[in-house]
Amino acid sequence: MGSNQKALFIYLPLFNEIINLDIQTAKIFGIEDIIVLSSPTATEINPYGKRYIHEIGLSKIESICKEESLNLIYLETSNIKTNEKSINSYHVFVENLFLSLYRSDKYNNHPKVRKQINNISLSCSQLEKSFNELIIARKYHTVYFFNNRFPTAKAVSISCIFNHINFITYDTVARARLHYSKNKAVLSSESLKESIENELSKVSHKELADFASKFIEYKRSKKFIAYELFNKRQIRSKLPEALSKNYICVLTNSYDEQKVWAKSIGINLIDPLEMISDIINLSKANSIQVVVRIHPNQSKSFEENYLLNRYINKKENVIILSGDSLFDTYALMQNSIANITFGSSTGVESILLGKRSYLIGNAFYQDTVCIPRFNTAEECMKKVLIDNKTSTNMISREKYNASKWFAYLSGEFADDRYKLVNILKNNPSTSLGHKLLKLIWRIDRLSSYPIEFNLRRAYVLLSAQINNILR
């Protein structure tokens with residue numbers, strides 16, 4: 001039997017995968033109380049608080065809870081009084097949510113989007129206060145909820161902190177396994193380190209080493225989701241003709257890693273363009289070539305255009321590789337004298353390839369892998385030059401930690417209950433009526449986006465289709 005001092009809050013009921021994670025979490029931790037919003041509320045999936053959208057989600061949760069014999073706790077927020085200061089405090093979280101959707105700050109200032117930001121901010125403020133009352137009335141000691149990067153879950157985590165009770169937030173990592181974080185952001189580097197140590201403490205060095213060898217080959221063979229999404233065009237072992245024998249590879253971040261996710265967990269952002277410029281200048285003075293590999297997710301971005309335009313046909317010993325280029329990222333890393341990143345996973349992959357890796361800024365893995373980390377390009381380059389003159393041998397501890405990082409993310413040694421492939425086997429049943437309403441919701445959701453954004457998406461999708469036909 002579970003404990004009624006624990007509760008799980010469900011707020012994204014239209015997505016089957018997230019509902020599966022919610023119910024699996026309730027089973028793992030013996031949770032019987034499920035908290036839901038009782039009336040139409042502006043949320044991430046319902047920014048205007050429309051009743052029909054609320055009813056679709058609520059009926060789905062009610063059906064699942066009845067099937068799983070879970071207690072439903074209805075939470076009312078619409079009548080809660082709040083204040084402007086509290087509402088405004090949520091703007092940054094909601095703005096970051098829309099930034100992750102639109103991938104550009106300009107859309108956040110669109111009148112349609114500003115209204116949605118204001119609606120969700122008000123709802124979050126009301127939810128926080130309503131949750132305060134619920135926690136006291138029910139005497140909960142722990143509350144669980146999906147990813148507190150989302151504003152609605154952020155409001156609940158703030159309420160838990162205010163009332164001095166624990167919260168557990170969760171999400172999948174690497175599309176492979178469930179990860180839980182206690183009283184921190186779901187992807188905080190401290191939380192990840194703690195979970196990794198707990199799960200892999202009894203796994204031998206040999207088992208991890210064997211896994212790491214298979215893993216890096218798996219990545220190089222393009223058998224994972226990121227390649228299908230971003231860079232499946234890369235040709236294995238292909239390198240630029242103008243490549244020097246003495247070069248540094250600088251790898252930019254995906255937009256998510258660099259801006260969206262970093263902001264959501266309080267990581268201070270650095271300006272990668274400024275750092276790249278400094279690296280190029282410092283390398284030039286030491287007769288070292290710089291190859292900048294732009295992340296595929298930054299293809300056609302401002303950052304890519306800036307770098308290409310600034311350094312094309314210049315005399316600097318620099319090669320700028322566009323995000324959609326055919327050159328093999330792993331071959332570039334394996335043949336360099338050093339690899340520098342700003343937080344992307346390539347920093348850890350570099351170590352598995354037997355190459356030294358350097359981090360400028362922050363990363364999710366910084367507490368686990370312990371890659372040499374710097375705040376400026378000057379500090380980083382100083383260390384690179386020293387290491388290049390003395391030794392290129394990898395530190396075994398770094399390889400061991402890198403192996404642990406990917407072993408955890410992949411779920412290789414995880415309990416079966418935490419593996420996504422097992423969790424998704426039990427999709428909740430959906431009626432035809434529910435499917436039709438959900439289709440209407442998707443159309444409704446598209447209409448809530450700025451027209452320019454929808455046109456741009458249509459252009460990108462159409463261009464991709466035409467390019468595939470012409471190849």
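For the reader, a short list of remarks on this structure follows.
- Region 35-64: number of residues that are surrounded by 21 or more Cβ atoms within 10 Å (Cβ to Cβ) and within 17 Å of Tyr449 (Cβ to Cβ): 5
- Residues being of a type outside the set (A, V, I, L, M, F, W, C) and closer than 28 Å to Leu420 by Cα - total across region 120-178: 17
- Within region 182-200, the set of residues being under 15 Å from the mean Cα position of the chain (by Cα) and under 23 Å from Tyr400 (Cα atoms) comprises Leu187, Ser188, Ser189, Ser191, Leu192.
- When the helices (runs of 4 or more DSSP H) confined to region 46-164 are screened for residues that are over 30 Å from Lys300 (Cβ atoms), assigned by TED's automatic domain parsing to the domain that holds Phe29 and touching a residue at least 24 places away in the same chain (Cβ under 8 Å), those reaching at least 1 such residues are found at 51-68, 84-88, 111-138, 151-162.
- Applying the criterion of being free of Cβ contacts under 8 Å to residues at least 60 places away in the same chain and not in a helix (DSSP H, G or I) to the residues of region 406-428, the residue that is surrounded by the most Cβ atoms within 10 Å (Cβ to Cβ) is Asp415.
- Subset of region 430-448 (residues that are free of Cβ contacts under 8 Å to residues at least 12 places away in the same chain and either within 19 Å of His110 (Cβ to Cβ) or of a type in the set (Gly, Ala, Ser) (or both)): Ser431, Gly433, Leu446, Ser447
- Evaluation of Ile248 against (1) at pLDDT below 85; (2) in contact with a Ser or Thr (Cβ under 7 Å, 6 or more places away or on another chain) (one fails), failing number: (1)
- Restricting attention to region 293-351, the residues being within 29 Å of Val460 (Cα to Cα) and outside any helix (DSSP H, G or I) number 23.
- Hits in region 174-202 (condition: under 15 Å from Asp22 (Cα atoms) and either of a type in the set (D, E, K, R) or not in a loop (DSSP other than H, G, I, E, B) (or both)): Arg177, Leu178, His179, Tyr180, Ser181
- Taking the criterion of being out of contact with any Leu (no Cβ under 9 Å at 6 or more places or on another chain) and closer than 18 Å to Glu95 by Cα, the only residue of region 137-152 that qualifies is Asn148.
- Cβ-Cβ contacts under 7 Å between residues 6 or more apart (or on different chains), taken from a first residue in region 15-37 that is aromatic (Phe, Trp, Tyr) to a second residue that is not in a helix (DSSP H, G or I), are listed as Phe29/Lys6; Phe29/Tyr144.
The values are calculated or read from the model by the stated rules, or taken from the named source; none is laboratory data. Here the structure is a predicted model, which means the values were calculated and not measured. We place every Cβ from the backbone using ideal geometry, glycine too, and count neighbours over all the protein chains shown.
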